[in-house]
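The values are calculated or read from the model by the stated rules, or taken from the named source; none is laboratory data. For clarity, every value in this text was computed on a predicted model and none was experimentally measured. For neighbour counting, all protein chains shown are included, and Cβ atoms are generated from backbone atoms with ideal geometry for every residue, glycine included. The area values use the complete protein model at the heavy-atom level, side chains included, leaving out ligands, DNA and RNA. Shrake-Rupley method; radii C 1.70, N 1.55, O 1.52, S 1.80 Å.
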Amino acid sequence: MTITLNGKSITVTSPISLFTLKQQYRPEAEIMIVNGYQLHEDRLIQPDDIIHFIQKGILPPKDELESMLAARHTPQIYQLLKQSKVAIAGLGGLGSQIAMMLARTGVGHLFLVDFDIVEPSNLNRQCYAISHLGMYKTQALKSQIEQVNPFVCVTCENTYVTSENLKTLFQGYQVVCEAFDNPVCKAELVNGILEHFPDCAIVAASGMAGYESSNLIRTKRIFGNLYLCGDNVHEAKPGQGLMAPRVSICAAHQANMVIRLLLGEQEA
């Protein structure tokens, strides 16, 4: 029978158990993942199983690395997401985390757009480190993505998004993530995408400041291709700043909605 082992199609005799297969192919492996789920007990191998044997602390050969990155995915999901193209406008607390989540999930092409550089007050909630201070956010984030998933194609644009240039910037993307701080810029981007790219989904955010209940943050389909994440109430203002936990929760809502859209799920 034919199975997939560490990303390669192989033929094995049947019946054969998981432990026997490991002893034959990767006796040094400490982790066994079958069809996206880690197993500790033995079982018979089934036709078309997707199996990974992983040794901790060892960088696998390049031809196995990508398969191992996707080992705990639901089977076949990684290959579907690898064909997808997503743009992220704004790389602050929301956008930087959205980008890293989508890269870890395996979205094949990420377009990062931001005009700003990393400065110290960003470090309380954004995916940057002290070593990134003074770098363009686009380049700092791209370098991190390359360390996590080098198989993602990352393109960058260091620019301020306007109602004029968005018509060129975001052409050809399946989903655009709005991740701006400025409400005027948020509205301009959302309205521009809806007007010029009717087939493109836009996942926006509003209301994730402070330390209010995590459970207030929701994902809603407003209409058509517009989705909104957040509580739509607690915006950043004097006395109510942006803090890592709620910003991260909202970013996760946005990233998960993007994944759902890419996989054909349209309801929030």
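Can you name the residue in segment 1-16 that is without any contact (Cβ under 8 Å) to a residue 60 or more places away in the chain and open to solvent by less than 40 Å² (accessible area, probe 1.4 Å) and, of all such residues, is nearest to the chain's Cα centre (by Cα)?
It comes out as 5.
Go over the candidates 179, 140 one by one and state the one that is open to solvent by less than 40 Å² (accessible area, probe 1.4 Å), within 17 Å of residue 200 (Cα to Cα) and of a type in the set (A, V, I, L, M, F, W, C).
The conditions single out 179.
Considering each of 80, 65, 123, 59 in turn, give the residue that is over 16 Å from the mean Cα position of the chain (by Cα), outside any loop (DSSP other than H, G, I, E, B) and under 30 Å from residue 10 (Cα atoms).
Of 80, 65, 123, 59, the one residue that is over 16 Å from the mean Cα position of the chain (by Cα), outside any loop (DSSP other than H, G, I, E, B) and under 30 Å from residue 10 (Cα atoms) is 65.
Name the residue, out of 140, 209, 187, that is in contact with a His (Cβ under 7 Å, 6 or more places away or on another chain), without any contact (Cβ under 8 Å) to a residue 24 or more places away in the chain and not charged (D, E, K, R).
Working: 209 fails: without any contact (Cβ under 8 Å) to a residue 24 or more places away in the chain; 187 fails: in contact with a His (Cβ under 7 Å, 6 or more places away or on another chain).
Testing whether each residue is in contact with a His (Cβ under 7 Å, 6 or more places away or on another chain), without any contact (Cβ under 8 Å) to a residue 24 or more places away in the chain and not charged (D, E, K, R) leaves just 140.
If you take the residues of segment 48-76 that are open to solvent by 80 Å² or more (accessible area, probe 1.4 Å) and not charged (D, E, K, R), which of them is farthest from residue 1 (Cα to Cα)? Lay out the reasoning, then the answer.
Step one: filter segment 48-76 for residues open to solvent by 80 Å² or more (accessible area, probe 1.4 Å), giving 48, 56-59, 62-63, 72, 74, 76.
Those still in the list that are not charged (D, E, K, R) too: 57-59, 74, 76.
Details: 57: 31, 58: 29, 59: 29, 74: 22, 76: 19 Å.
Top of the filtered list is 57.
For segment 183-268, which strands (runs of 3 or more DSSP E) that fit wholly inside it have 1 or more residues that are open to solvent by less than 30 Å² (accessible area, probe 1.4 Å) and touching a Ser or Thr at 6+ places or on another chain (Cβ under 9 Å)?
Details: elements: 201-205, 218-223, 226-230.
The strands (runs of 3 or more DSSP E) meeting that bar are 201-205, 226-230.
Kindly establish whether residue 21 is in contact with a helix residue (DSSP H, G or I) (Cβ under 9 Å, 6 or more places away or on another chain), of a type outside the set (Lys, Arg) and outside any strand (DSSP E or B). Before you say what the answer is, go through the steps one by one.
Details: in contact with a helix residue (DSSP H, G or I) (Cβ under 9 Å, 6 or more places away or on another chain): no; of a type outside the set (Lys, Arg): yes; outside any strand (DSSP E or B): yes.
Answer is no for this residue.
When you look at residue 107, is it of a type in the set (Val, Ile, Thr), touching a Leu at 6+ places or on another chain (Cβ under 7 Å), assigned to a loop (DSSP other than H, G, I, E, B) and under 30 Å from residue 167 (Cα atoms), yes or no? Walk me through it before giving the result.
Details: of a type in the set (Val, Ile, Thr): yes; touching a Leu at 6+ places or on another chain (Cβ under 7 Å): yes; assigned to a loop (DSSP other than H, G, I, E, B): yes; under 30 Å from residue 167 (Cα atoms): yes.
Yes.
Just a yes or no: is a residue in segment 88-102 part of a strand (DSSP E or B) and either of a type outside the set (A, V, I, L, M, F, W, C) or open to solvent by less than 70 Å² (accessible area, probe 1.4 Å) (or both)? Lay out the reasoning, then the answer.
Step one: of segment 88-102, the residues part of a strand (DSSP E or B) are 88-89.
From the residues that got through so far, the ones that are either of a type outside the set (A, V, I, L, M, F, W, C) or open to solvent by less than 70 Å² (accessible area, probe 1.4 Å) (or both) too are 88-89.
Yes, some residue in segment 88-102 is part of a strand (DSSP E or B) and either of a type outside the set (A, V, I, L, M, F, W, C) or open to solvent by less than 70 Å² (accessible area, probe 1.4 Å) (or both).
Tell me which residues, restricted to segment 115-157, are in contact with a helix residue (DSSP H, G or I) (Cβ under 8 Å, 6 or more places away or on another chain) and aromatic (Phe, Trp, Tyr).
Across segment 115-157, the qualifying residues are 128, 151.
Could we say that residue 131 is part of a helix (DSSP H, G or I), free of Cβ contacts under 8 Å to residues at least 60 places away in the same chain and out of contact with any Ser or Thr (no Cβ under 6 Å at 6 or more places or on another chain) here?
Working: part of a helix (DSSP H, G or I): yes; free of Cβ contacts under 8 Å to residues at least 60 places away in the same chain: yes; out of contact with any Ser or Thr (no Cβ under 6 Å at 6 or more places or on another chain): yes.
It is true that residue 131 is part of a helix (DSSP H, G or I), free of Cβ contacts under 8 Å to residues at least 60 places away in the same chain and out of contact with any Ser or Thr (no Cβ under 6 Å at 6 or more places or on another chain).
Name every residue in segment 173-231 that is among the polar types (S, T, N, Q), farther than 19 Å from residue 99 by Cα and in contact with a Lys or Arg (Cβ under 8 Å, 6 or more places away or on another chain), in order of residue number.
Within segment 173-231, the first condition is being among the polar types (S, T, N, Q), and the residues that meet it are 174, 182, 191, 206, 213-215, 219, 225.
From the residues that got through so far, the ones that are farther than 19 Å from residue 99 by Cα too are 182, 191, 213-215, 225.
Hit for segment 173-231 is 214, nothing else.
Looking only at residues that are under 19 Å from residue 73 (Cα atoms) and not in a strand (DSSP E or B) in segment 30-44, which one is least open to solvent (accessible area, probe 1.4 Å)? Break it down into steps so the answer makes sense when it comes.
The first filter runs over segment 30-44 and keeps only residues under 19 Å from residue 73 (Cα atoms), leaving 30-40.
After this cut, where a residue has to be not in a strand (DSSP E or B) as well, the list is 30, 35-36, 40.
Details: 30: 107, 35: 60, 36: 23, 40: 139 Å².
Among residues in segment 30-44 that are under 19 Å from residue 73 (Cα atoms) and not in a strand (DSSP E or B), the one least open to solvent (accessible area, probe 1.4 Å) is 36.
Quick check on residue 202: is it within 15 Å of residue 173 (Cβ to Cβ), among the β-branched types (Val, Ile, Thr) and touching a helix residue (DSSP H, G or I) at 6+ places or on another chain (Cβ under 6 Å)? Let's see the steps before the verdict.
Values: within 15 Å of residue 173 (Cβ to Cβ): yes; among the β-branched types (Val, Ile, Thr): yes; touching a helix residue (DSSP H, G or I) at 6+ places or on another chain (Cβ under 6 Å): yes.
Yes: the conditions hold for residue 202.
What about residue 168, is it under 22 Å from the mean Cα position of the chain (by Cα), of a type in the set (Val, Ile, Thr) and open to solvent by 20 Å² or more (accessible area, probe 1.4 Å)? Working first, answer last.
On the way: under 22 Å from the mean Cα position of the chain (by Cα): no; of a type in the set (Val, Ile, Thr): yes; open to solvent by 20 Å² or more (accessible area, probe 1.4 Å): yes.
So residue 168 fails the test.
In segment 170-182, what count of residues is obtained for those that are within 28 Å of residue 242 (Cα to Cα) and either in a helix (DSSP H, G or I) or modelled with pLDDT of 95 or more (or both)?
Filtering segment 170-182 for residues within 28 Å of residue 242 (Cα to Cα) gives 170, 175-182.
If we keep only those that are either in a helix (DSSP H, G or I) or modelled with pLDDT of 95 or more (or both) too, we end up with 170, 175-180.
Here the count works out to 7.
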